[in-house]
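Working notes for the structure below.
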Amino acid sequence: MFGYDTKSFGDELIAVAGLSDEQVEHAREVWRETGGEFGWVIASLGYVSRPQLYAALAEASGLPLAGDPERLRQHMDPRLVVKMTYEQVIEHQFMPFQLQEGVLVILTAHPGRAETYELCQERFGTSEIAELLVTDLDLTMIAARTFRDDMVDMAVLSNHRRNPEQSASRVFTNEQIVFVAGIILAFLVWLYLDVRWSLTFVIAVLQVFFLTSVVFKTVLMLAGARHEIEPPVDAHDVAALHDTELPIYSVLVPVYREPEVVGNLIAGLKKIDYPQHKLDIMLLLEEDDVVTLEAAKAARPSANWRFIIVPNAQPRTKPKACNYGLFFARGEYLTIYDAEDIPDPTQLKSAVVAFRRAGPGFVCFQAALNYFNAAENLLTRLFTLEYSYWFDYILPGLDRLHLPIPLGGTSNHFDVSKLRSLGGWDPFNTTEDADLGIRASAEGYRVGILNSTTFEEANADFGNWIRQRSRWIKGYMQTWLVYTRHPISLIRTIGLRKYLAFNFFVGGTALTALAAPPLWGIFLLWLCTRTRLVEPLFPDVVLYVAIVNLLVGNFLGVYLSMIAVFRRGTFPLLPYALLNPVYWLMQSIAAYKALGQLFTKPFFWEKTQHGISRLAPFRRKSEAVRAA
Amino acid sequence: MNERQIGAHAMPDRGRILIVDDDPTLRVLVRAALVAAGFEVIEAENGADGVRLGAQSNPDLIITDWEMPVMDGHETIRALRNDAATATKPILMLTTRSKTEDIVAALDAGAQDFIIKPFRKDELIARIEQQLRWRQLLRSDVPTPDPAVAVDAAAVEPAAAPIEADVKRPVQEAMDRGDLRGALDLAVADAERAESERDFMRAAGLYRGGSSAARRMNNPDLANKLLRLAGKMYLSWAETARADGAAIEEAYGLAARMFMAAGNLKVARRLVERQTP
């Protein structure tokens, strides 16, 4: 990490921090088992504070340690700074300060690195370099403040700049508007000329679509079930890993106004089975969120934690924060967790195994998500059934059939360099995760499924659930619109099979939820009034398909979600699967809300309130007060 | 109001809040939320009463409505700011207007923050707590210059901007009161009168001082804005010093430094190019 005289630095650190014999022995043991630099191992174990760490480094290296980064920044020579990019500053951990009489003064958090000297020679034409030591956090802050506008711009627009056609910043293209308007117009003309057959046609198309959709999901479920027989990464694989060979792993944790969770979050991530000094944990905080920053500082996490302050700029969304965090990631791999998440402790190691075993085409492995508060109420039970069905069967099914996989919101494990080359997340898409999965596929990458679980908090409140779901469905609509802009070229890239699967899965999810209420409405109208009015709309063939959908389709829908309990053995949830039609109706309500927002405020991020579960491991103070 | 809230009302320990609003329902709502959170609450039903009560009761924070009879929110804030007793109190504006220009108007009038009605209780409390915390930080946060850096910095410190005592004093006083916006107004008014090199340097110096204060108050947007204004002052100087090559170079160099510090490297890059033709 520091590229400096390792031995004297380690000794210095032990002296500066006054470590006990047991602490030194433990640190040596960890160091022997996991490798790396001794000083950084001690710091990551939380035995020393950052100032102590850098004071020791200053002693060992004989360099002056500078504080007050804001003052330093004011005196940097802009003629030198403009020759650097933020990528270089972050990668090499230094900033040029001044050039005086042929001597280049640099601010560095990693003194003594040959790469730094080479870059300075190449950029500034001098090999006379004087180093001024600053802490890595100060250097991060200096870089973030100095390159602020560039970095904000890239965090928001990197995906758009890379390929505007893959950005949801534009909701509809002109071609799409013309195409849809043409279809609507043609239909209206037909409706005018022949009411009966035009409506019959629409109903027939929807019925066939529903039927195909159910069959497709059944096939996926069956394919996904095969995972039970062939788990891709097992405990032996994880045990066979040597800690010394593990790469640095970055973990992004976006938080906003959640001071209460910080302590538990730090404790929680300590339980991860991964050498702490190889974990690069970044807490992503919004600039105006002083409360959480204070709480985080007060919790004094070990030196491998960094607080990344995301600058105030619109859109203020999780994908923008994650893009910003990605700039600072040191890891070879990276994952995202929410503050409340409880990941399987071996998840990161499983991901390393999965990446090493998979071919170079893999950009991401998605772990399964499930809920720790299933038993809280009816809604959380239904939600858990849905998640089990989705993450335990459907996504593995897509994986098995090599189809595009929309990612879930957290616990997706990325290859950092490939993620960067994909342009990161799209801050204009309200399901940036799903969009990224599809983009990866459209660019010829693959997404895999990891048989490891992260437990999250299920939304336990109806209104909150509707808001969250409407955001998800709106995001699916955005994603579908983005990847139907150039269907022919996309089919050429990924093939017809994947293209159809994407349409059924992403477009179909939204369409099913939108189309269900009118069809159910017609059925209920007929059931209650026995009116003959709808009969002409259901000629024999359409009627048979409709009956099959009504009986077999709905049965299968319920049955599939019953099967979903098998993998985890959560059998008490089984009877609740019968209530699935109610859940579908809720999805439809959310879908109509999403459709409205797609036109009125497409980028609006419906925030989901977390930490409201009675069963949450830790709750927000404000909510706890309300409950009391 | 239940007994727990009344109990909390009787034993306030978190601070005293003055609510100025003509709508009794809203006052009851806000009061209930604040009392439950442990604040002491005083109410005024119009701006004039608010100003009077503000002067008498020494509140820690004032919440005021925007649209009111007698004095509207804007006038109320001006009056509160002009009264020595309430000049430095944090003010939150409650408004039904969510358009940017209305929010800017509220902030311009001297409010520290705004809340859009209908508001969430948690948000209201969080914003109040944040304001009070900043106040506390501001009182305790005295920056200590690092001696090692000070030596380095002194070597490259540009010719110190001559800051006239008569201009500096009111600005400094406003800053000391925590009235950053007032200080900014004074500095802008002074900069608008700038004509000579001396004036530009002085104005730039004021902006830089304001920027440091804004940074300490955790207001990076304002800090960067002030740095850009300082940069513009150095640019104006460069333009007036057409004949003097060395002065132009220095002025562009300083301007580039300001834009760099404000995080705008695009402009800094262009200025560096101009500095070294």
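Every number here is computed from the coordinates shown, using simple stated rules; none is lab data. These numbers come from a predicted model, not from an experiment. No Cβ is skipped: glycine too gets one built from the backbone with ideal geometry, and neighbour counts run over all protein chains shown.
A few points about this structure:
- Going from the fewest other Cβ atoms within 10 Å to the most, the residues B:THR76, A:THR218, A:THR600 appear in the order A:THR600, A:THR218, B:THR76.
- Residue by residue along A:141-149, Cβ atoms of other protein chains within 10 Å of the local Cβ number 4 on average.
- Sorted peptide list for A:562-570, A:373-381, A:420-428, criterion being average Cβ within 10 angstrom, highest first: A:420-428, A:373-381, A:562-570
- Crossing angle, helix A:50-61 versus chain A [Cα axis fit, 0-90 degrees, rounded to tens]: 40
- Over chain A, Cα pairs under 8 Å with separation of 6+ residues give a relative contact order of 15 percent.
- The stretch A:102-175-the stretch A:235-257 distance, computed between alpha-carbon centres (Å): 26
- Inter-label distance, nm, simple model (7 Å from Cα along the C-beta direction), A:LYS297/A:THR126: 3.4
- Ascending count of other beta-carbon atoms within 10 Å, so fewest first, for B:LYS117, A:LYS320: B:LYS117, A:LYS320
- Greater than 24 Å apart at Cα, pairs in A:LYS320/B:LYS121; A:LYS320/B:LYS266; A:LYS474/A:LYS498: A:LYS320/B:LYS121
- Mean separation of Cα contacts under 8 Å, 6 or more apart, over the residue count of the stretch A:69-146: relative contact order %: 33
- Considering only A:GLY448, A:ALA143, A:PHE327, and ranking their Cα positions along the charge dipole of chain A that arises from unit charges at the beta-carbon of Lys, Arg, Asp and Glu, the one farthest toward the positive end is A:GLY448.
- Between the stretch A:475-549 and the stretch A:376-408, the Cα center-to-center distance that results, in Å: 20
- DSSP-loop GluC sites (Glu not before Pro) across the stretch A:86-133, with at most 14 other Cβ within 10 angstrom: A:GLU101, A:GLU128
- Taking label positions 7 Å along the Cα-Cβ direction at both A:ARG316 and A:GLU29, the computed distance is 4.7 nm, reported to one decimal.
- Here the dipole of chain A is about 2580 debye; that uses its Cα centre as origin and unit charges on the Cβ of Lys and Arg (positive) and Asp and Glu (negative).
- Per-pair calculated FRET efficiency, R0 = 56 Å: A:ALA235 and B:PHE119 via Cβ, rounded to 0.05: 0.65
- Hz values of 3J(HN,Hα) by residue in the stretch A:115-121 - Karplus curve (6.51, -1.76, 1.60), Gly and Pro given as x: 4, 4, 5, 4, 5, 4, 4
- Antiparallel bridge percentage (DSSP; both residues within chain A; nearest 5): 30
- Paramagnetic label zone (point 7 Å from Cα along Cα-to-C-beta, A:ILE488; backbone N under 15 Å) in the stretch A:153-175: A:175
- Taken residue by residue and averaged, Cβ atoms of other chains lying within 10 Å of the Cβ of B:261-271 number 6.
- Average other protein chain Cβ within 10 Å of Cβ, residues B:210-220: 2
- Set A:LYS271/A:LYS607; A:LYS318/A:LYS418; A:LYS278/A:LYS607; A:LYS601/B:LYS232 screened for pairs whose C-alpha atoms are more than 27 Å apart: A:LYS271/A:LYS607; A:LYS278/A:LYS607; A:LYS601/B:LYS232
- Applying 1/(1 + (r/R0)^6) with R0 = 56 Å to the Cβ-Cβ distance of A:ASP540 and A:GLN609 gives a FRET efficiency near 0.65.
- If you wrap the protein assembly as shown in the convex hull of its Cα atoms and look at it from every side, the mean projected area works out to 44.5 nm².
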